Amino acid sequence: MPEPDEAVVAQTGPYQVELTEGQEYWYCRCGRSKKQPFCDGSHQGTSITPLKFTADRSGTFNICGCKATDDEPFCDGTHNVI
Ligand code: FES
Ligand code: FES
C-alpha cells in the first residue's frame, strides 16, 4: 500500500484531454482517481487535495498522469525520469 501522504503514479505519461475555455476542472494530485486525470474523491484518507484550475482556452491538453510534474496540472516531461 502506498503511504497515505504520497502521490501514486496513475500513468507514466500524460492524459490527452479536451478542455473548454473558462470551465473549471479538478486535477487529481494523488494519482488514486479512477477518472484520471481528474479527481473522483479517492484522495479521501490521504493528506493530498486536488487542484482546481480553469482552462484558459479550448483545446487538447496534456495533463500529468505521473503526478510528479512541476507544472501542475500539465505534463512537463518529468515522467521521463521517474
Ligand atoms: Fe507527469 Fe508527464 S505525465 S510529467
Ligand atoms: Fe486524486 Fe482527488 S482523487 S486528488
*Please work out if residue 13 is of a type outside the set (Asp, Glu) and more than 16 Å from ligand 2 (Cβ to nearest atom).*
yes
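Considering only residues of region 69-80 that are buried (at least 18 other Cβ atoms within 10 Å of the Cβ) and under 11 Å from the mean Cα position of the chain (by Cα), which is farthest from ligand 2 (Cβ to nearest atom)? Break it down into steps so the answer makes sense when it comes.
Start the filter on region 69-80 by keeping residues that are buried (at least 18 other Cβ atoms within 10 Å of the Cβ), which leaves 69, 73, 75, 79.
Of the ones still in play, those that are also under 11 Å from the mean Cα position of the chain (by Cα) are 69, 73, 75.
Details: 69: 14, 73: 11, 75: 16 Å.
Once the filter is applied, the top-ranked residue is 75.
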*Count of region 18-52 residues which are within 16 Å of ligand 2 (Cβ to nearest atom), of a type in the set (D, E, K, R), more than 9 Å from the chain's Cα centre (by Cα) and assigned to a loop (DSSP other than H, G, I, E, B)*: 4
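Residues checked against (1) buried (at least 18 other Cβ atoms within 10 Å of the Cβ); (2) aliphatic (A, V, I, L, M); (3) modelled with pLDDT under 95:
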site	(1), (2), (3)
42	no, no, no
48	yes, yes, no
51	no, yes, no
54	no, no, no
*asked:* Of everything in region 44-60, what is of a type outside the set (Gly, Ala, Ser) and in contact (Cβ under 8 Å) with a residue 24 or more places away in the chain? Give them in sequence order.
replied: 46, 48, 50, 51, 52, 53, 54, 56, 57, 60
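Please verify whether residue 8 is surrounded by fewer than 18 Cβ atoms within 10 Å (Cβ to Cβ), under 19 Å from residue 77 (Cβ atoms) and touching a residue at least 40 places away in the same chain (Cβ under 8 Å), treating the condition exactly as stated.
Working: surrounded by fewer than 18 Cβ atoms within 10 Å (Cβ to Cβ): yes; under 19 Å from residue 77 (Cβ atoms): no; touching a residue at least 40 places away in the same chain (Cβ under 8 Å): yes.
Against the criterion (surrounded by fewer than 18 Cβ atoms within 10 Å (Cβ to Cβ), under 19 Å from residue 77 (Cβ atoms) and touching a residue at least 40 places away in the same chain (Cβ under 8 Å)), residue 8 does not qualify.
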*asked:* Can you tell me which of (1) without any contact (Cβ under 8 Å) to a residue 12 or more places away in the chain; (2) within 16 Å of ligand 1 (Cβ to nearest atom); (3) not charged (D, E, K, R) is the one residue 41 doesn't meet?
replied: (2)
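For region 53-68, give me each residue that is within 16 Å of ligand 2 (Cβ to nearest atom) and either in contact with a His (Cβ under 8 Å, 6 or more places away or on another chain) or part of a strand (DSSP E or B) (or both). Break it down stepwise before answering.
In the first step, residues of region 53-68 are kept if they are within 16 Å of ligand 2 (Cβ to nearest atom); the result is 53, 63-68.
Hits for region 53-68 are 53, 63, 64, 65, 66, 68.
The values are calculated or read from the model by the stated rules, or taken from the named source; none is laboratory data. Predicted, not measured: the structure shown is a model, and the values here were computed from it. In this analysis, Cβ positions are derived from the backbone assuming ideal geometry, glycine residues included, and neighbour counts consider all displayed protein chains.
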